[in-house]
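All remarks here apply to the structure that follows.
Every number in this text was worked out from the coordinates using simple rules, so none of it is lab data. A quick note: this is a predicted structure, and the numbers were derived from the prediction, not measured. We place every Cβ from the backbone using ideal geometry, glycine too, and count neighbours over all the protein chains shown.
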Amino acid sequence: MEVKININGHDVARDVEPRTLLVHFIRDTPGLTGTHWGCDTSNCGACVVLMDGKPVKSCTTLAAMCMGHEIRTVESLEQDGRLDPIQMGFHEKHGLHCGFCTPGMLMTTRALLDENPNPTDAEIRTAISGAICRCTGYKNIVSAVRWAAEHEAERSAMKQEA
Amino acid sequence: MQTPAPFEYERATSVEGAIATLQRIGPEARLIAGGHSLLPMMKLRLANPEFLIDINDLDELSYIDERITEIRIGALTRHHELLESELLARRAPVFRDAEEVIADPVVRNRGTIGGSLCQADAAEDLSAVCAALKANLVIRGPDGERTTGMDGFYIGPFTTAVGADEMLTEIRIPIRAGAGSAHEKVERRAGDFAIAAVSAAVWIEGGTIADAGIALGALGPTTIIVTRAETALKGKPPSEELFAEAGEIASEDCAPVADGRGPVDYKRHLANVLTVRALRRATARALQQEA
């Protein structure tokens, strides 16, 4: 069947089987391999992308189910050569070690800050409870998200002044 | 790589249309909403539908409405909406208790109450919640609607009273005076299915328990309603001794099996302890001792 999905602002169309999972559609069709395919059982969160702004696990979503919806992947975070504050936070606070869980962590926490710009550590930990990291340790990830929240506030304050 | 076996896909544009397709294709067709139970089962070939009807566009099935005598919840209402509902938190706080421990926030963005109930996994939390609250379920088929209570809904593991050409459309939670409710769950790790879970509801009038609902998750082949404990509570003032008696009954009337989540005696112990805890909190809420 012809499946057309808006991914990072671009319509992407391909003839696929109905059983094609969103994670494979994203990785195979536009070749956006930033979204990682991990446990395949909706447990690990490496495959998280945003669907209409909300984080979803793309290994447990059919591509066909996403027609008419907007998908955002980790590749959409950097804009005009500038990293998203979330990405900068993970860089500054050593929020990644091997990096496998990072795309899902970044998209999950991007959605968190979009909804709640000043989360507590407990709220950050709840938000990432569907994303498993096996090497960095969650402490640095929480610090990275907090860093991003603080610097995002600064950035939007600067924007308002300007 | 895990991928479901091939199937045909259709996106429903109306409830009637979805039911017509169910009727046309027969028992090999399945409805899919959030898909977070069905797709993993299809990947493992535990479910092999030949035809999926995607009902995610049926916005008319997504609502939480307060009526005079009941709260009506559309079957497509997602877990995160149930969690965030102030109405449910006020009227039936057992929902928020349960939703906080169902899977994780990302899964809760997709999973629905209708899907959870129809999956009929005995370890699933909302089935116990709805059973304790004595919910009524609206099932629509080619010949119109019918309503069933939770006591007649589960026929066996992963099997419900919903026919092959029918769909669950609405969950009705009765609103009654003096209500309090709570959910208790023990899990191996955050977001896992329960080792054991208990939902309890009490309706207290004039200092006595006018009615009670107790339902057990993960403690038998289906969600278990502990009728004997409910009867034991009725007409008596709430007390620790009474809760202990209900806990003992729950421990006797559950039917757990030993598995990776624990042995039978441990699960029976949990049935007892969690029943007492759930009743204690439900009662405190009914008596407005707890916000």
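To the nearest ten degrees, helix A:102-115 and the longest principal axis of the Cα atoms of chain A are 70 degrees apart. Dividing the summed helix terms, -39500 (n - 2.57) for each DSSP H run of n ≥ 4, by the number of residues in the protein assembly as shown produces a 222 nm estimate of -10000 deg cm²/dmol to the nearest 500. Over segment B:8-53, Cα pairs under 8 Å with separation of 6+ residues give a relative contact order of 55 percent. Peptide A:63-71 has a mean of 3 when you count, residue by residue, the C-beta atoms of other protein chains within 10 Å of its C-beta.
For segment B:172-189, putting each phi into the Karplus relation 6.51 cos²θ - 1.76 cosθ + 1.60 with θ = phi - 60° gives couplings of 10, 9, x, 9, 9, 5, x, 7, x, 8, 7, 10, 10, 9, 10, 9, 6, 8 Hz, in residue order, rounded to whole numbers and with x for Gly and Pro.
Per the Debye calculation on segment B:8-53 with a single equal scatterer at every Cα and no solvent contribution, log₁₀ I(q)/I(0) for q = 0.18 Å⁻¹ amounts to -0.51. The equivalent ellipsoid of chain B has semi-axes of 32, 21, 16 Å, largest first, where each one is the square root of 5 times an eigenvalue of the Cα gyration tensor. Residues considered: A:R146, A:R72, A:R82. Largest GNM mean-square fluctuation over chain A, using C-alpha springs under 10 Å, is found at A:R82.
Mean separation of Cα pairs under 8 Å and 6 or more residues apart, divided by the residue count, gives chain B a relative contact order of 16 percent. Only Cα sites of the protein assembly as shown enter the Debye sum here, all with the same form factor; the resulting log10 I(q)/I(0) across q = 0.07 1/Å is -0.38, listed in q order. Measure nothing fancy, just the Cα-based angle from helix A:138-161's long axis to the longest principal axis of chain A, in degrees from 0 to 90, nearest 10. Taking the Cα atoms of chain A, the angle to A:138-161 is about 80 degrees.
Among B:K43, A:K57, B:K267, the ranking by other beta carbons within 10 Å of each residue's beta carbon, starting with the fewest, stands as B:K43, B:K267, A:K57.
Neighbour counts of C-beta atoms inside 10 Å place B:L38, A:L106 in the sequence B:L38, A:L106, starting with the fewest.
Considering only DSSP beta bridges whose two residues both sit in the protein assembly as shown, what percent are antiparallel, to the nearest 5? Don't skip to the end; give the middle numbers.
Numbers: 57 of 67 bridges.
Once the DSSP bridges in the protein assembly as shown are tallied, antiparallel ones form about 85 percent.
Each part reduced to its alpha carbon centroid, segment A:127-149 and segment B:88-156 end up 32 Å apart. The calculated pair-distance distribution of segment B:30-176 uses every alpha carbon pair, bins of 5 angstrom beginning at 0, and gives 2, 10, 20, 25, 22, 14, 5, 2, 0 percent. Between rounded, prolate and oblate, where does segment A:37-162 land on the alpha carbon gyration tensor, with a ≥ b ≥ c its root eigenvalues, rounded for a/c under 1.5, else prolate if a/b exceeds b/c? The shape class here is oblate. With the highest mean first, a sort of the peptides B:194-200, B:174-180, B:100-106, B:44-50 on other beta-carbon atoms found within 10 angstrom per residue produces B:194-200, B:100-106, B:174-180, B:44-50. Taking every residue in B:2-10 and counting other chain Cβ atoms within 10 Å of its Cβ, the average works out to 5. Between the listed residues B:A255, A:H69, A:T102, the Cα displaced farthest toward the positive end of the dipole of the protein assembly as shown, a dipole computed from Cβ unit charges relative to the Cα centre, is found at B:A255. Among B:248-257, A:20-29, sorting by the average number of other beta carbon atoms lying within 10 angstrom of each residue, highest first, gives A:20-29, B:248-257.
How many Cβ atoms of partner chains, on average, are near each residue of A:50-57 if near means within 10 Å of its Cβ?
Details: counts 1, 2, 1, 0, 7, 6, 6, 9.
Mean partner shielding for this stretch: 4.
Remark on segment A:2-76: Rg and Dmax equal 10.8, 29 Å (Cα only). Summary of packing: across the peptides A:91-104, B:65-78, the per-residue average of other C-beta atoms within 10 Å ranks them, highest first, as A:91-104, B:65-78.
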